[in-house]
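The next block holds one structure in the form of structure tokens; read it before the comments.
The values are calculated or read from the model by the stated rules, or taken from the named source; none is laboratory data. Please read all numbers here as calculations on a predicted model, not as lab measurements. Here the Cβ positions follow ideal geometry from the backbone for every residue, glycine too, while neighbour counts run over all protein chains shown. Surface areas here come from the heavy atoms of the whole protein model, side chains and all, with no ligands, DNA or RNA. Shrake-Rupley method; radii C 1.70, N 1.55, O 1.52, S 1.80 Å.
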Amino acid sequence: RPLLNLLPSAMADDDMDALEPLDPTVQNILDQRSLKWIFVGGKGGVGKTTSSSCLSVLLAKCRRSVLIVSTDPAHNLSDAFGQKFTKTPTLVNGFENLFGMEVDPTVEIEEQDIVEGIDTSMLSELTSAIPGIDEAMSFGELMKHVQSMEYEVIVFDTAPTGHTLRLLSFPAVLEKGLNKLMQMKSRFSSLFAQMKTMMPQLGDASEDALIGKLEAMKKVIETVGAQFKNPDLTTFICVCIPEFLSLYETERLIQELNKQGMDCHCILVNQMLFPPKDSQCNLCCARVKMQKKYVDQIDDLYEDFHVVKVPLLPNEVRGVPALHEISQHFVKPYSV
């Protein structure tokens, strides 16, 4: 699917025209009971947090336990639900099975746990020679923590596209980096011997403690990485608005997800205008005409996707009642 196809009208093959349009709702996501990880992402300012919050509200109606995690450093999850979330899962007000948490997946390694008597600042120093592995290891710790919570499904409210793509590449980066570190472990003995003489607080800690930590993390990341590429367990929902830059970035995101082997078959188009047919608002009519051009391109480009069109509401979406209201448009197409 060439990226530049977004500029002219795209995909006009006769056989594509013959395809039946897919259900324009997220019902397919709700019905796929095997899903464990659901990522929601897209360009900044298109409504990712509202969309992921609505999705988690819908999932809470049909799943045993749901966790929504914000990995955007500029957290908005607390604002969406109208309550404060932290890095510890917190029950969402009005629910018995929906929990929320806000974390930074790229926190410094020094802020993480102490490893069997070894200060993790030493681990940070050892990994600094491999670009990107420090953030990847932080992500690894996050995934290890989240996975141990045993929620039935976990929804990720991600940062804007560039950060999200980097986040999703962490399992591969970490696996490669840990393999490199494991190959270097034969050199650790002399390093630890020297460090013990200079740092008595290490006590009886040995290189085996650090290697054990790395091997445990490597196992978790291999498992998570395999799950991310399994469409039965993981899917990515793209969020956009009917404007050129958002559509262009959505196509770039989908291409990158394809390269990484991640499933993506659902697109949420937010901020759709549906004015009455007899509307005299010149601005509304102009915006509708502009939106129609890009919606037509979305329909042409993504005939094999579930494209959900969500209306722009007169009020901002904040609090659980508002999320319940707009989430209905995720499962029932909007009509004027």
Could you state how much accessible area Arg287 has, in square angstrom rounded to the nearest 10, with a 1.4 Å probe and all protein chains kept in place? 90
At 0.36 nm per residue, minus the direct Cα-Cα distance, what do Asp23 and Phe95 gain on full extension? Give it in nm, one decimal, please. 23.1 nm
How much net charge surrounds Met272 when only other residues with a Cβ under 12 Å from its Cβ are counted (Lys, Arg +1; Asp, Glu -1)? +2
Cα-derived Rg to Rh of the stretch 43-106, Kirkwood definition: 0.94
